Every structure is written in structure tokens, then in C-alpha cells.
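Remarks on the structure that follows.
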Amino acid sequence: MSKPRIRIGIVGAGTNTRVRHIPGFRAVEGVEVVAVSNRSRESSERVAREFGIPHVIDRWEDLVKSPDVDAVMIGTWPNMHCEVTCAALAAGKHVLCEARMARDLAEARKMLAAAEAHPKLTAQIVPSPFGLEVGTKVKRLLADNFIGDLREFVVIGADDQFWDYSRPIHWRQDSNISGKNVLTLGIMHETLTRWLPEPNRVFAQSALFEIERPDPSINGYRNCSVPDSVQILTQTEKGARGIYHLSGTVLFGPGKQIHLYGSRGTIKVVFGLKEQLFAGYHSQGELKEIELAPETRESWRVEAEFIGAIRGEEPVMYTTFADAVKYMEFTEAVSQSIEKQQPVSLPLA
């Protein structure tokens, strides 16, 4: 029996949309990408030619209302996520929205309310890609009490992405576009909370080491408005302590990692081209890499999951709007702590 036909409209066809989402949709039986609306007519036509998309629509408002579109993929910058999501849901369209969910918690909550007002529509946020490969094994180790009682955890996302101040300003360095989600804070925290409970307190500090960046759009320089270095202390209800080190200005940094330290053992996950999982029990004497067979490694299937949820074949696991609001709440608390220079309790009012 053939699968029900689902027609996808694309609002914002950036790199991730072209590299992952459009090919992901095209790989699912019965799915067609039928329309695209990018920032300009020229760029929309370029994407349409590349992927054989039949319709170019100048205004995204017209795309989300089109009777020829069943679901909308939102691949814009975060400053448009809330507006496009709410309009698409109001027009009766299913929504897959690129992370970050929104610029701030208020926008994220508005998106969640819009989704809850249309419970028959599927609403999904593109998940953090980190931990998808080894996540099932990490959960199994924790469930088996491999590390014992959790004592400390460390979240690292430190590299040289923004070290070179001669490079043009990036949208992630503009708070009007990116909002309060600093560097990789949101996606790293989202990954962590698939394995651990949410923290109940944060205390954060930040720095902006390279303030001025070239801006080709004005043929001059512009100040960044997002920190390029953040350190956070957290704790959980049961007393475990956490440390976050996020930076885009460190040469030869450790990249992205998560460490879980317990009373009996340690788990360390390193995110690279291939995710690596290390574990050590108190009687072993050292950390050892756990080699996972290819068939046990989970893989990216976001577009297939979205379509499966629309068809009623499976629920959304990665990531529901409700779960995404949780990482937005965490990033909001971090922002408040930096501004107030004092600890902030979670959940926020």
C-alpha cells in the first residue's frame, strides 16, 4: 500500500536545509518538496533549480497559506521562527522548525501555545545532532547504575569558530537575529538533558573578547552583541554539580564533549566526525572506549520522524516543542544570571 502524499513548502533554504532537510524529505516515500520561499527571488530560483522544486513563492506568507502545501519546513534564522511557525499552524500546516527554537523564552512559549492550540498538527523542532549516535548506550549505562550516584557533569563546547576577528560578523553574533542562545549552549544542553534531569539553578558569567567585526553589508565594521565566551555553574535537585564551558575564541580547544562523573564510574562522550563513547568503572583503572557496532548506532532521521508523526505512525521524539521550550528556559536563565551577576533558580516564573 502506498504512503499518503505529503507536500512540503520550504521557508528559508540555508545550508542546513539544502544539505540535510531537503534530501531527507526526498528520501521518504510519498513526500514532495513543492515550493520554496527564500530571502530573494534569485536565491529561491537557485534552490528550486538545484532540487527540482516546481514552485517559487516570493512571500513566505503566501507559501504557508497555499492550499498546495501540507507542511512547512522553516529554515530561516531564529528571528523569524516564531512568526512563521505561528502563521503556518494558524493556516493548518504541520511545522518542522530549525533550531534554535526562537530568540528568547517569550517567543518559544508563544510557539508552544500555538502548537497546543492545534493538537492535530505535528509541530517539531530540529534536534541537537549531538548524542544521536551513542545516546541509547549512554542511557543504558545510566539505567544500569554504571556510574553510581551522579556527582558532577561537565559540558564543553570550546573551539576557534570566532577567533579570527578579521572574518565578517556571523548571524550568531547578532542578538537581534540569534537572541539569547549563546554559541552552542542550547544544543549542548538539549543533549545533556536527554540523559540527566534539568538543573534547578544556574550561575553564569560571560565575556566578549573580540567586539568589532567587518560587516560587508555596510562596507564597514559593526559591534557584536552576543558573548563569545560563557562559563556556567549549575546544580540538580539531588545535588549534582555541573560546569559549562562555551567559547568560540580558543585555539586548539577541546571541541564538544560531555562528561558524567559518578560515585562508581565515569562516562565521557566526544562529539566529532564520529561520536566516541568512553567509560570507566572504579575497578578498571582507566577509561576505555566502548566500540559500538554500526547497527547499534542511531542516525539522523529527523525528516522521516516528522513525516511519520504526520501520518500517525510514530510520535515526535527529537524534539517536541515542549522539550525545546525547556532548553530555551535554560538559556534565558543563563542570560538573566549574566545580566544580574547572581544565581537564578529554575524553573522560571
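Okay, here's what the table says:
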quantity	calculated
The range 183-194 residues that are in the same structural domain as Gln257 (by TED's automatic domain parsing), paired with ones that are in a loop (DSSP other than H, G, I, E, B) and among the aromatic types (Phe, Trp, Tyr) (beta carbon under 7 Å, 6 or more apart)	Ile187/Phe130; Met188/Phe130; Thr191/Phe130
Candidate set: the range 71-103, residues that are charged (D, E, K, R) and crowded, with 20+ Cβ neighbours inside 10 Å; chosen: the one nearest to Val34 (Cα to Cα)	Lys93
Spans of strands (runs of 3 or more DSSP E) in the range 200-305 with at least 2 residues under 25 Å from the mean Cα position of the chain (by Cα)	201-207, 229-235, 241-247, 255-262, 265-271, 276-281
Criterion (in the same structural domain as Phe162 (by TED's automatic domain parsing), surrounded by fewer than 16 Cβ atoms within 10 Å (Cβ to Cβ), of a type outside the set (S, T, N, Q) and out of contact with any Lys or Arg (no Cβ under 9 Å at 6 or more places or on another chain)) met by exactly one of Ile211, Ile232	Ile211
Residue check for Arg49: out of contact with any Gly (no Cβ under 6 Å at 6 or more places or on another chain), assigned to a helix (DSSP H, G or I), of a type outside the set (A, V, I, L, M) and surrounded by fewer than 17 Cβ atoms within 10 Å (Cβ to Cβ)	yes
Residues that are out of contact with any strand residue (DSSP E or B) (no Cβ under 7 Å at 6 or more places or on another chain) and either among the charged types (D, E, K, R) or not in a helix (DSSP H, G or I) (or both), drawn from the range 84-106	Ala91, Gly92, Arg100, Ala102, Arg103, Asp104
Residue check, Val138 at pLDDT 95 or above, surrounded by 19 or more Cβ atoms within 10 Å (Cβ to Cβ) and more than 25 Å from Glu332 (Cα to Cα)	yes
Qualifying residue in the range 116-135 (condition: assigned to a helix (DSSP H, G or I), out of contact with any Lys or Arg (no Cβ under 6 Å at 6 or more places or on another chain) and over 19 Å from Phe271 (Cβ atoms))	yes
Among (1) in contact (Cβ under 8 Å) with a residue 24 or more places away in the chain; (2) small (Gly, Ala, Ser); (3) surrounded by fewer than 16 Cβ atoms within 10 Å (Cβ to Cβ) - the single one Ala113 does not satisfy	(1)
Conditions (1) farther than 17 Å from Ser247 by Cα; (2) among the acidic types (Asp, Glu); (3) in contact (Cβ under 8 Å) with a residue 12 or more places away in the chain; number of the one not met by Asp174	(1)
Scope the range 235-254; condition out of contact with any helix residue (DSSP H, G or I) (no Cβ under 9 Å at 6 or more places or on another chain), surrounded by 14 or more Cβ atoms within 10 Å (Cβ to Cβ), over 19 Å from Phe162 (Cα atoms) and not charged (D, E, K, R); matching residues	Gln235, Thr236, Ala240, Ile243
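The values are calculated or read from the model by the stated rules, or taken from the named source; none is laboratory data. Just so we're clear, the structure is a prediction, and the values are computed from it rather than from any experiment. Positions of Cβ are backbone-derived with ideal geometry, glycine not excepted, and every protein chain shown enters the neighbour counts.
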